[in-house]
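Report on one structure; see the data block that follows.
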Amino acid sequence: MRELSSEIPESRELNADERALVRWLIEHTAHDAGSYLGQVDHLRVCSRCGCGCASLNFSIGDQGWPVKGAMHVVSDQDWTGPDGHEYGIFLFDHAGTLAGIDVHSLAAPTVPDRLPTVAELERTLAIRERAAQPAVAADDASHRR
């Protein structure tokens, strides 16, 4: 039986979809996170989660994570996958440097084994925004005089 590791070392550039996802997460947060945009083109994947989910850890060059320091959530979003299950994703930093993406299940029986696409995040955001709008009765205008 294979023992699960907390991290699987990996050393590679982010692909175009991953880089676009990180930018989207920075641009769609409740607070100003624009200061992180300058780091996006310098990010490398340094490891991935050993549980089989699609979570990634980042580094910039050979600058690893400092030994001490707390994680800080930069952006926290959720999405509905094609299977109809709800998942979450958050982008986090460590000591002011973008440090990774974590994906998790909100109500699904399994953890996501892939990152969401920007289109999935956009669709989910649009659905939630429409659901938050107050319903207007179709005949409401006829009652106004």
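The values are calculated or read from the model by the stated rules, or taken from the named source; none is laboratory data. Being a predicted model, the structure only gives us computed values, none of them experimental. Cβ: placed from backbone, ideal geometry, glycine included. Neighbour counts: every protein chain shown.
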- Query: Take the residues of the range 82-125 that are out of contact with any Pro (no Cβ under 9 Å at 6 or more places or on another chain) and among the hydroxyl-bearing types (Ser, Thr, Tyr): which is farthest from CYS46 (Cα to Cα)?
  - Reply: THR110
- Residues of the range 24-54 satisfying the condition of being without any contact (Cβ under 8 Å) to a residue 12 or more places away in the chain, farther than 16 Å from ILE89 by Cα and out of contact with any helix residue (DSSP H, G or I) (no Cβ under 8 Å at 6 or more places or on another chain): HIS31, ASP32, SER35, GLY38
- Task: Scan the range 97-124 for residues that are in a loop (DSSP other than H, G, I, E, B) and either in contact with a Phe, Trp or Tyr (Cβ under 9 Å, 6 or more places away or on another chain) or more than 21 Å from TYR36 (Cβ to Cβ) (or both) and jot them down.
- Result: LEU106, ALA107, ALA108, PRO109, THR110, VAL111, PRO112, ASP113, ARG114, PRO116, THR117
- Give me a count of the residues in the range 93-121 that are among the charged types (D, E, K, R) and either closer than 19 Å to VAL74 by Cβ or surrounded by 15 or more Cβ atoms within 10 Å (Cβ to Cβ) (or both). 3
- Query: Of the residues that sit in the range 67-82 and are over 20 Å from GLU27 (Cα atoms) and surrounded by 11 or more Cβ atoms within 10 Å (Cβ to Cβ), which one is modelled with the lowest pLDDT?
  - Reply: GLY69
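Condition check ((1) surrounded by fewer than 18 Cβ atoms within 10 Å (Cβ to Cβ); (2) modelled with pLDDT under 95; (3) under 14 Å from the mean Cα position of the chain (by Cα); (4) of a type in the set (Lys, Arg)) across all residues:
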{"position": "GLY34", "(1), (2), (3), (4)": "yes, yes, no, no"}
{"position": "CYS46", "(1), (2), (3), (4)": "no, yes, no, no"}
{"position": "GLY52", "(1), (2), (3), (4)": "yes, yes, no, no"}
{"position": "ASP62", "(1), (2), (3), (4)": "yes, yes, no, no"}
{"position": "GLU86", "(1), (2), (3), (4)": "yes, yes, yes, no"}
